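Reading through the structure tokens given below for one structure.
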Amino acid sequence: MLRNHRWRKLSFFLLLLLALWVILAQSCMKFRISDAQATVKFTNAGVALQTHYIDVDGYKMHYVSTGSDSLPTLFFVHGSPGSWTAFERYLMDKELLAAFRMVAIDRPGFGYSEFGEAKNLDDQSRLIRPIIDSISNGQPMYVIGHSLGGPVAVKLEAAHPGSFAGIILLAGSVDPGEEKPEKWRPWLINTPLQYLVPGAMEPANQELWYLKKDLVKLKDDFSKIHCPVWIIHGDKDNMVPVGNADYAGRMLVNAPLVDVTILKGAGHFIPWNHFTEIKKILLKLPEENIPGQPTKASPLP
């Protein structure tokens with residue numbers, strides 16, 4: 001009798017914990033802050049932040065911008081999971097603001113772009129495209145993609161060649177051969193287990209499953225890139241191996257410039273841990289973007 005009573009108490013406690021986790025999982029780890037909070041944060045840093053929404057066939061896309069609309073544009077695309085806030089340090093930087101207008105998006109399914117509704121690369125490109133059209137100001141625009149934002153950047157330019165004056169891949173996940181088979185992911189998409197996945201990890205799990213096939217399809221898109229490409233990768237990246245940088249360099253056969261920078265001892269989080277090195281490269285973009293001079297960077301060491 002006493003054993004049964006203890007078992008009932010333990011079962012009730014475990015069910016209570018499970019219920020609490022399901023509730024918390026839907027509200028935590030969303031990797032986002034409200035527009036109001038972000039505006040205050042930027043104002044305190046002395047930078048004016050503009051927040052925007054655009055409706056794309058009933059799908060609400062969210063993005064932010066800083067800097068003068070008359071300047072060339074840096075267009076930031078975050079990885080998975082994440083939101084535009086991944087690049088807030090860049091959007092606040094006074095030297096970058098003197099040279100560029102900066103725009104950072106919430107990719108589909110993240111931040112405030114229909115949170116939870118992840119999309120494949122084709123759909124992401126379609127949903128992001130109207131933002132690019134709406135901010136076009138006749139000045140050069142450069143797209144910067146981190147991690148899964150890397151293949152999104154390639155897809156955006158390949159779908160509409162000439163959109164960007166250059167592409168910057170930060171630890172870009174572009175090589176299908178480097179993707180490990182993860183057959184457990186569908187169990188977290190199509191079963192009740194999905195409700196146990198916290199916050200932004202759920203749409204991240206969805207799009208990472210799509211990515212396996214997306215990167216195979218992306219092979220054909222590299223030859224459509226006719227703008228300069230800067231590849232920055234850490235040689236100690238355990239999440240997106242440095243082999244992705246070598247692969248991108250080999251696939252970009254029509255890019256007039258492929259500049260590869262391998263950061264010694266760097267891991268996957270280079271946008272934050274190697275801000276200074278990346279910032280230097282970004283500040284040199286306008287002067288290095290010289291059309292009609294096809295060159296290739298030296299091969300990876």
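With (1) at pLDDT below 95; (2) surrounded by 21 or more Cβ atoms within 10 Å (Cβ to Cβ); (3) not in a helix (DSSP H, G or I) as the list, and Lys183 as the residue in question, which single condition is left unmet?
Tallying (1) at pLDDT below 95; (2) surrounded by 21 or more Cβ atoms within 10 Å (Cβ to Cβ); (3) not in a helix (DSSP H, G or I), Lys183 fails exactly one: (2).
How about segment 218-237: which of its residues are without any contact (Cβ under 8 Å) to a residue 40 or more places away in the chain and in a loop (DSSP other than H, G, I, E, B)?
Asp235, Lys236
Condition first: part of a helix (DSSP H, G or I) and surrounded by 15 or more Cβ atoms within 10 Å (Cβ to Cβ). Now tell me which residues in segment 37-69 satisfy that.
Correct list: Ala38, Thr39, Lys41, Phe42.
Would you mind stating whether Trp230 is modelled with pLDDT of 95 or more, within 19 Å of Ser173 (Cβ to Cβ), out of contact with any Cys (no Cβ under 7 Å at 6 or more places or on another chain) and not acidic (Asp, Glu)?
Taking the combined requirement at face value, the residue satisfies it.
Results for (1) out of contact with any Ser or Thr (no Cβ under 7 Å at 6 or more places or on another chain); (2) farther than 23 Å from Glu207 by Cα, shown as yes or no for each residue.
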residue: Asp57; (1), (2): yes, no
residue: Leu97; (1), (2): no, yes
residue: Asp106; (1), (2): no, no
residue: Phe110; (1), (2): no, no
residue: Phe115; (1), (2): yes, no
residue: Ala118; (1), (2): yes, no
residue: Arg126; (1), (2): yes, no
residue: Pro130; (1), (2): yes, no
residue: Ser136; (1), (2): yes, yes
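Quick one: which residue in Val240, Val258, Val253 is aliphatic (A, V, I, L, M), within 18 Å of the chain's Cα centre (by Cα) and either modelled with pLDDT of 95 or more or assigned to a strand (DSSP E or B) (or both)?
Val240
Looking at segment 79-91, which of the residues that are crowded, with 23+ Cβ neighbours inside 10 Å and under 16 Å from Leu282 (Cα atoms) is nearest to the chain's Cα centre (by Cα)?
Among them, the one singled out is Phe87.
Looking at segment 114-163, which of its residues are assigned to a loop (DSSP other than H, G, I, E, B), of a type outside the set (S, T, N, Q) and crowded, with 23+ Cβ neighbours inside 10 Å?
If the condition is that a residue be assigned to a loop (DSSP other than H, G, I, E, B), of a type outside the set (S, T, N, Q) and crowded, with 23+ Cβ neighbours inside 10 Å, then Ala118, Leu148 are the ones that fit.
The values are calculated or read from the model by the stated rules, or taken from the named source; none is laboratory data. Since we're looking at a predicted model, the values are computed, not measured. Note that each Cβ is placed from the backbone with ideal geometry, even for glycine, and that neighbours are counted across all protein chains shown.
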